[in-house]
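Take a look at the structure set out below.
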Amino acid sequence: MAPVAPRSGDAIFANIERVNAELFTLTYGAIVRQLLTDLEEVEEVNKQLEQMGYNIGIRLIDEFLAKSNVSRCVDFRETADVIAKVGFKMFLGVTASVSNWDAEGTCCSIILEDNPLVDFVELPDTCQGLYYCNMLSGVIRGALEMVSMKTEVTWIRDVLRGDDVKLLKQVPEEYPYKDDECFMLKKIKISKHLFKDT
């Protein structure tokens, strides 16, 4: 039997079971609000959101690989492209674009034109240090770690705070393994460029 061709984000999104976007957005907002109430410190909330996202990402990658039929990415450019065009479309229903590559091909920006998580959201002055969508950082870190890409995710800018956000920077490999002993180990520093144009 011939191998199954990779599916586009649009094709997967059309066939995937969905929940109401407003319900999803408001539920996420309730989670963030409860964390703010329970933890009181904005930095702790940022850490908890990232950890929650990480836990989701390590499970979500299985569904992504099963439904997308994406094969192993050959380089960082392809990985960023798959995240932007297939991953975001499959799970959030939005397509992202990849731009602003550095000369070495180790840093880029992933831009989401529309982020359903920030609908109906305004941050009060007391929460200006909050990275509201930090769960997305954790999801990316967790998913990539499950395919042997060690990552760090750092927010540089956030539209809810009046900024743009930047995503994906690769750092040199720091593992004592030989190339043939592991499946594409890399240390990647990820920052985020999630929302409107820069």
Exercise. Somewhere in segment 70-77, is a residue farther than 16 Å from CYS133 by Cβ, in contact (Cβ under 8 Å) with a residue 60 or more places away in the chain and outside any loop (DSSP other than H, G, I, E, B)?
Worked result: yes
Exercise. Does SER97 satisfy being more than 22 Å from LEU130 (Cβ to Cβ) and either of a type in the set (S, T, N, Q) or buried (at least 20 other Cβ atoms within 10 Å of the Cβ) (or both)?
Worked result: yes
Exercise. In segment 89-120, which residues are out of contact with any strand residue (DSSP E or B) (no Cβ under 9 Å at 6 or more places or on another chain) and either under 23 Å from GLU63 (Cβ atoms) or touching a residue at least 40 places away in the same chain (Cβ under 8 Å) (or both)?
Worked result: MET90, PHE91, GLY93, ASP114, ASN115, PRO116, LEU117, VAL118, ASP119, PHE120
Exercise. On the given criteria, is VAL86 of a type outside the set (Phe, Trp, Tyr), assigned to a helix (DSSP H, G or I) and buried (at least 16 other Cβ atoms within 10 Å of the Cβ)?
Worked result: yes
Seminar exercise, completed: The condition from (1) within 17 Å of THR151 (Cβ to Cβ); (2) assigned to a helix (DSSP H, G or I); (3) open to solvent by less than 30 Å² (accessible area, probe 1.4 Å) that VAL32 misses is numbered (1)
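The values are calculated or read from the model by the stated rules, or taken from the named source; none is laboratory data. Keep in mind it's a predicted model, so treat the numbers as computed, not measured. No Cβ is skipped: glycine too gets one built from the backbone with ideal geometry, and neighbour counts run over all protein chains shown. All accessible areas refer to the heavy atoms of the entire protein, side chains included, with ligands and DNA or RNA removed. Shrake-Rupley method; radii C 1.70, N 1.55, O 1.52, S 1.80 Å.
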